[in-house]
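Here is the structure we will look at.
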Ligand code: ADP
C-alpha cells in the first residue's frame with residue numbers, strides 16, 4: 001500500500017495503511033452487532049490480534065449500532081481496540097447519519113476515558129455496509145473536529161485510515177476545502 005499522509009491542524013492525520021499495523025494507543029474496529037468477528041477490517045483485526053480477542057469479545061455480549069466497547073489489543077501493535085458498530089446504509093432515511101456520527105463520538109469518548117493519546121479509525125460503514133464514502137467522510141471529519149475542539153482531551157492524534165486511493169482522495173479534497181476556509 002502506498003505511503004501517503006496529509007494532516008489538519010497536526011491533530012487529524014489521513015493515512016493510507018492497513019490499520020492492524022499501526023503503533024497507536026487504540027485502533028477502532030468497524031464491527032457488527034455480535035462483536036464476534038466478521039469480514040473486512042473486522043476480520044483483519046481479529047486475525048492480527050489473535051484468538052484471545054474473541055474470548056474477550058464474547059464477554060461483551062454484543063454492541064448496539066452507534067455504540068462502542070473496548071478490549072485489549074492482544075497481538076496487535078495497538079494497546080486497545082475500540083469496537084463500534086456502524087449503520088448499514090439503507091438510503092439515508094433511517095437515521096444512518098446520526099448513527100454513524102455516534103460511532104465516532106462514542107469511540108472518542110471511550111478513548112478519552114481510558115487516557116488514549118493516539119487513535120486510528122477505519123472508514124466505518126463504507127465497506128459492506130455501503131455508506132456513501134463522501135458523506136461518511138463529512139460525518140467523520142465533523143465529529144472528530146467537534147470532539148477535538150470541545151474537550152481538553154488527552155487525545156493528541158486522530159488517524160483516519162484509508163484503505164485505498166479512492167477514500168484517500170476524498171479526504172484529501174475535503175481537507176483542502178477545510179484549510180481554505182480558514
Ligand atoms: P463496514 O461493515 O463498517 O462497512 P468493512 O470492514 O466492510 O466495514 O469496511 C470498512 C472500511 O474498512 C472500508 O473502507 C474498507 O476498505 C476498510 N478496510 C478493510 N480492511 C482494512 C484494513 N485492514 N485496514 C484499514 N481499513 C480497512
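Where a number appears in this text, it was derived from the coordinates with a stated rule and is not lab data. Remember, predicted model here, so these are calculated numbers, not experimental data. Positions of Cβ are backbone-derived with ideal geometry, glycine not excepted, and every protein chain shown enters the neighbour counts.
Some notes on this structure:
- Checking residue 149 against (1) more than 16 Å from the ligand (Cβ to nearest atom); (2) surrounded by 17 or more Cβ atoms within 10 Å (Cβ to Cβ), the condition it does not meet: (2)
- Selection status of residue 79, at negative phi and touching a helix residue (DSSP H, G or I) at 6+ places or on another chain (Cβ under 6 Å): no
- Within the stretch 97-107, the set of residues being buried (at least 24 other Cβ atoms within 10 Å of the Cβ) and more than 14 Å from residue 137 (Cβ to Cβ) comprises 107 only.
- Test: residue in the stretch 92-104 that is under 20 Å from residue 24 (Cβ atoms), in a strand (DSSP E or B) and more than 9 Å from the ligand (Cβ to nearest atom): no
- Residues of the stretch 113-130 classified as more than 13 Å from the chain's Cα centre (by Cα) and within 9 Å of the ligand (Cβ to nearest atom), total: 3
- Just one of (1) within 12 Å of the ligand (Cβ to nearest atom); (2) within 26 Å of residue 145 (Cα to Cα) fails for residue 39. It is (2).
A quick yes/no check of all residues on (1) surrounded by 14 or more Cβ atoms within 10 Å (Cβ to Cβ); (2) part of a helix (DSSP H, G or I); (3) touching a helix residue (DSSP H, G or I) at 6+ places or on another chain (Cβ under 6 Å):
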site: 6; (1), (2), (3): yes, no, yes
site: 10; (1), (2), (3): no, no, no
site: 13; (1), (2), (3): yes, no, no
site: 23; (1), (2), (3): no, no, no
site: 27; (1), (2), (3): yes, no, yes
site: 30; (1), (2), (3): yes, no, yes
site: 44; (1), (2), (3): yes, yes, yes
site: 47; (1), (2), (3): no, yes, no
site: 56; (1), (2), (3): yes, yes, no
